[in-house]
1. Going through the range A:21-47 one residue at a time, which ones are within 30 Å of B:Lys200 (Cβ to Cβ) and among the hydroxyl-bearing types (Ser, Thr, Tyr)?
2. Select from the range B:209-220 the residues that are in contact with a Ser or Thr (Cβ under 7 Å, 6 or more places away or on another chain) and open to solvent by 30 Å² or more (accessible area, probe 1.4 Å) and write down the one among them that is nearest to the other protein chains (Cβ to nearest Cβ).
3. Name the single residue that is farthest from B:Val143 (Cα to Cα) among those in the range A:29-42 being at pLDDT below 85 and charged (D, E, K, R).
4. Which members of the range B:154-203 meet the condition of being of a type in the set (D, E, K, R) and more than 9 Å from every other protein chain (Cβ to nearest Cβ)?
5. How about the range B:16-57: which of its residues are within 10 Å of ligand 2 (Cβ to nearest atom) and of a type in the set (Asp, Glu)?
6. For B:Ser89, only one of the following conditions fails: (1) away from ligand 1 (no atom under 16 Å from the Cβ); (2) open to solvent by 10 Å² or more (accessible area, probe 1.4 Å); (3) at pLDDT below 95. What is its number?
7. Provide a single number: the residues in the range A:11-57 that are more than 7 Å from every other protein chain (Cβ to nearest Cβ), loosely packed, with under 14 Cβ neighbours inside 10 Å and part of a loop (DSSP other than H, G, I, E, B).
8. Can you report the number of residues in the range B:1-15 which are more than 16 Å from ligand 2 (Cβ to nearest atom), out of contact with any Phe, Trp or Tyr (no Cβ under 7 Å at 6 or more places or on another chain) and open to solvent by less than 10 Å² (accessible area, probe 1.4 Å)?
Amino acid sequence: MGLLALFRRTPSSASVAKERLRIIVAQERSVRGSPDYLPLLRREILQVIHKYVNVDPEAVQINLGQEEGHEVLELSVALPEKTRA
Amino acid sequence: MTEIIVVTSGKGGVGKTTTSASVACGLARRGKRVAVVDFDIGLRNLDLIMGCERRVVYDFVNVIQGDCTLKQALIKDKRIETLHVLAASQTRDKDALTAEGVRRVLDELIADGFDYILCDSPAGIEKGAHLAMYYADRAVVVVNPEVSSVRDSDRILGLLASKTQRAEQGNGGVKEHLLLTRYNPRRVASGEMMSVDDVKEILGLDVIGVVPESPDVLAASNAGVPVILNDESDASRAYDDAVARLLGEDLPMRFLEEPKRGFFARIFGG
Ligand SMILES: Nc1ncnc2c1ncn2[C@@H]1O[C@H](COP(=O)(O)OP(=O)(O)O)[C@@H](O)[C@H]1O
Ligand SMILES: [Mg+2]
């Protein structure tokens with residue numbers, strides 16, 4: 001470990017906790033009240049995508065929203081850098 | 001007017017029973033007629049914390065099943081005249097509590113003129129926790145500044161907003177408050193523990209009280225005297241402030257910082 005590393009501030013464990021919670025709470029709130037099948041749907045879509053590309057489970061976002069009076073299922077997949085080229 | 005308050009959390013062991021006992025005492029000490037009800041069927045702890053375990057003859061389930069009257073099952077506190085305890089049963093049968101039965105008991109307490117009914121919820125998000133919150137007007141969500149407790153509290157907030165009578169009737173829902181407990185100002189200062197503001201920001205809810213981690217809580221449960229009755233304790237003062245805020249007083253938070261240590265203590269440690 002270099003001398004500089006000693007002085008560099010690593011984030012405190014409390015701020016790591018806070019950041020993780022901020023993300024998980026936001027995610028759980030976004031699917032709250034949505035149909036029970038959503039988590040399962042997400043998992044199966046993930047499995048299908050995995051047959052073709054190796055994506056991180058966190059890269060798949062499923063949201064249920066309202067648009068002009070009807071429900072819209074939104075799916076977004078962030079593909080890994082290499083496969084995009 | 002009776003107000004039904006549920007003390008809930010999702011996660012177990014965070015301080016619900018400790019909080020129910022102290023808040024019940026605090027309200028009763030201020031002259032309110034209070035019934036505190038243990039919904040933790042099968043485990044039954046509240047009577048121990050209240051120090052009335054040897055006076056339990058009939059319990060909540062006995063009342064629901066018609067084995068006795070509510071009057072026979074309500075235990076009158078020996079210290080505070082306006083305080084009553086309804087113990088949980090030790091039956092293994094979780095189905096002994098029914099929504100209809102709970103409603104009947106609550107209605108009878110309301111008809112009896114109680115000012116407050118405190119419902120000490122079991123842990124989890126199953127039936128017992130659901131019934132404890134279902135008829136509530138207000139909720140005190142007990143949370144420790146720790147990841148799993150905060151996450152579970154958020155799930156409970158989700159249930160309060162959807163699976164309660166007030167939510168279903170759409171008349172403003174259940175009024176929710178956070179109560180942080182086992183707070184350790186020294187560890188917050190050193191960055192090891194999330195602060196009140198961190199938790200408040202994540203959950204987006206007002207904080208009704210912050211109770212410090214305190215050895216007095218264990219001593220209180222050993223003795224069967226709710227910690228709020230120990231006037232020497234910071235935990236007692238913190239709970240009493242929370243009670244005042246529940247009653248609408250606007251008080252600044254205390255005990256968010258480590259008590260100043262004396263010069264010699266700082267030099268020589270200890
Ligand atoms: N402020 C506090 N300081 C220290 N210990 C506490 C505090 N609050 C609760 N405890 C301890 O935590 C444990 C769980 O408390 P309890 O009220 O039974 O939680 P719950 O009802 O949520 O399961 C008990 O051993 C209790 O003594
Ligand atoms: Mg308990």
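1. A:Ser30, A:Ser34
2. Among those residues, the one meeting the criterion is B:Val217.
3. If we take residues in the range A:29-42 being at pLDDT below 85 and charged (D, E, K, R), then A:Arg42 is farthest from B:Val143 (Cα to Cα).
4. Scanning the range B:154-203 gives B:Lys163, B:Arg166, B:Glu168, B:Lys175, B:Glu176, B:Arg182, B:Arg186, B:Asp197, B:Lys200.
5. B:Asp38, B:Asp40
6. For B:Ser89, the exception is condition (2).
7. 7
8. The total comes to 0.
The values are calculated or read from the model by the stated rules, or taken from the named source; none is laboratory data. From a predicted model like this one, the values you see are computed outputs, not experimental measurements. Neighbour counts run over all protein chains shown; Cβ positions are idealised from the backbone, glycine included. Quick note on the areas: whole protein, heavy atoms, side chains included, nothing else; ligands and nucleic acids left out. Shrake-Rupley method; radii C 1.70, N 1.55, O 1.52, S 1.80 Å.
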